[in-house]
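A.B. asks: Have a look at this one before I ask anything.
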C-alpha cells in the first residue's frame with residue numbers, strides 16, 4: 001500500500017501579543033487577548049473555566065516562543081498553520097505573530113503556512129467590557145474593501161508572503177483562503193466585478209512566477225452571496241463559487257453549521273454528513289474540517305449557553321479519523337484538512353496544551369496522522 005502523508009492545517013488567531021498597538025483598544029493591558037483569558041470566570045457550577053495554558057501567557061509574536069510551538073506542532077503531526085489575516089482602514093492588522101514570530105523562527109522550515117483573509121467586520125466582540133452591552137452590534141472597522149484596496153492587499157500578500165519558501169501551495173499555486181464571500185462581493189461591487197478582481201489576482205500571481213492561485217472559500221451554515229438588505233433572496237452559493245473560480249471549500253468552526261446541543265460525538269457525525277452534502281452541492285473539492293470545541297464565555301459578561309460539550313481527546317481523535325477516512329476515499333484530492341484551532345482560547349477551541357488535558361489534543365492528532373515512534377508516516 002502506498003504511504004500517504006497528510007497536511008493538518010490549524011488556524012491561528014494572532015491576538016496573543018500586545019505588539020500590535022491598535023489591538024490595545026480592545027485589550028489595554030498590552031498582552032493581547034490573553035487579558036480576556038486571564039480574567040475569565042466560570043459562569044455556572046461545573047463550568048470548565050478558567051482554563052490555563054501549560055506554556056503560560058506567552059507572546060506569540062516572539063520568535064523563541066514560536067520555535068517552541070513549531071516544534072510541538074510538527075512533532076505531533078500539525079504541519080501547516082493558517083494565519084487569520086486582517087486588513088482594516090487601509091492597512092494590515094495583527095500581522096505581528098506571523099512576521100515577528102513564525103517568519104523569524106529558526107525552525108520554520110518544519111512547517112508550512114498560508115493566509116485566511118478574515119474579511120469580517122469588527123464590532124465590540126473582542127472587548128469583554130462592552131461585548132455584552134447594547135454597543136455590541138456597533139461596527140468599529142468594516143471588513144469589505146473596494147477594488148483599489150483589493151489590489152493593494154493582493155500585491156502585499158504576493159510580495160510579502162507567497163514567495164516565502166514555507167508558503168503552502170497546491171500544484172505550485174499559493175493557497176489564499178477567504179472567510180466571508182458576501183463582504184468580498186459587497187466591496188468589489190457585485191459578482192461580475194468580483195470575478196474580474198479575482199481573475200486579475202490570478203494574473204498577478206502568474207506575473208510573479210507562480211502557475212496560478214488556489215482560492216479557497218470558507219463555508220458556513222448560512223452562506224450569503226449578498227451582505228445587504230436589498231437582496232431578500234440569496235442565490236445558490238455553489239454556482240456563484242464556480243462562477244468566481246474558487247478551487248476548494250472548507251470550514252472555520254463546527255458552530256457555524258452544526259447543532260452544538262447534541263454534544264461532540266453527534267456533532268462530529270453531523271459534520272461528516274455536511275462534508276458530503278457540501279461537496280455535492282458546491283461541486284468543488286471539499287477540505288474536511290474538525291473543530292476542537294466551542295465556548296465563547298470568556299468574551300462575555302453574561303452566560304453564552306451555546307457550548308459544545310463532550311469534546312474529550314478521545315472524541316477529537318474520532319473526528320480526526322473521520323477526516324482521514326474522507327481524504328483516503330479521495331486519493332486524487334490533496335490530503336489537506338483544517339482544524340479549529342491552534343489557539344482560539346476565548347472560543348474554547350485550541351490544540352495548545354492546557355491544565356485540563358495537557359498535550360492530549362495534540363496526541364490525538366499524532367495518533368491519527370503519524371505512525372508510531374520509529375515507524376513510517378502513514
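What follows is calculated from the coordinates using simple rules that are stated; it is not laboratory data. It should be emphasised that the depicted structure is a prediction, and the values quoted were computed from it without experimental measurement. Reconstructed Cβ throughout: ideal geometry from the backbone, glycine too, with neighbour counts over all protein chains shown.
A.B. asks: Run the simple label-point estimate for residue 147 and residue 195 please: 7 Å along Cα→C-beta, distance reported in nm.
C.D. replies: 1.5
A.B. asks: What FRET efficiency, computed as 1/(1 + (r/R0)^6) with R0 = 51 Å and r the Cβ-Cβ distance, is obtained for residue 155 and residue 44, rounded to the nearest 0.05?
C.D. replies: With R0 = 51 Å, the Cβ-Cβ based efficiency is 0.55.
A.B. asks: How do 102, 150 line up, fewest other C-beta atoms within 10 Å first?
C.D. replies: Ascending number of Cβ neighbours within 10 Å: 150, 102.
A.B. asks: Considering Cα pairs under 8 angstrom that are at least six residues apart, work out the relative contact order of segment 37-164 and quote it in whole percent.
C.D. replies: Reported relative contact order: 21 percent.
A.B. asks: When DSSP beta bridges are limited to those with both residues in segment 7-369, what percentage is antiparallel, rounded to the nearest 5?
C.D. replies: Percentage antiparallel, nearest 5: 25.
A.B. asks: Here's something else I'd like to know. So I have (1) 20; (2) 51; (3) 33, and one of them is percent of Cα pairs over 35 Å apart calculated from this model. Which one is it?
C.D. replies: (1)
A.B. asks: Given springs between every Cα pair under 10 Å in a Gaussian network model of the chain, which of 342, 200, 294 has the largest fluctuation?
C.D. replies: The residue with the greatest mean-square fluctuation here is 200.
A.B. asks: Then there's this: Just rank 281, 192, 291, fewest to most, by other beta-carbon atoms within 10 angstrom.
C.D. replies: Least to most surrounded, the residues fall as 192, 281, 291.
A.B. asks: Which value at 222 nm does the chain reach when only helices count, each DSSP H run of 4 or more adding -39,500 (n - 2.57), with the total divided by all residues and rounded to the nearest 500 deg cm²/dmol?
C.D. replies: -9000 deg cm²/dmol
A.B. asks: Could you state the number of Å between the C-alpha centres of segment 2-75 and segment 207-262?
C.D. replies: If you average the Cα positions of each part, the centres end up 27 Å apart.
A.B. asks: Take every Cα pair under 8 Å in segment 7-369 that's 6+ residues apart, average their separations, divide by the length, and report that relative contact order as a whole percent.
C.D. replies: Once normalised by length, the contact order is 18 percent.
A.B. asks: Give me the number: length gained by fully extending residue 228 to residue 4, i.e. 0.36 nm times residue separation minus the C-alpha to C-alpha distance, one decimal in nm.
C.D. replies: Extra length available between residue 228 and residue 4 comes to 76.2 nm.
A.B. asks: Let me ask something else about it. In what order do 8, 80, 122, 233 fall by count of nearby beta-carbon atoms within 10 Å, going from fewest to most?
C.D. replies: Final ranking by Cβ density, sparse to dense: 233, 122, 80, 8.
A.B. asks: Could you give the distance between the Cα centres of segment 300-330 and segment 267-294, to the whole Å?
C.D. replies: Taking the Cα centre of segment 267-294 as reference, the centre of segment 300-330 is 12 Å away.
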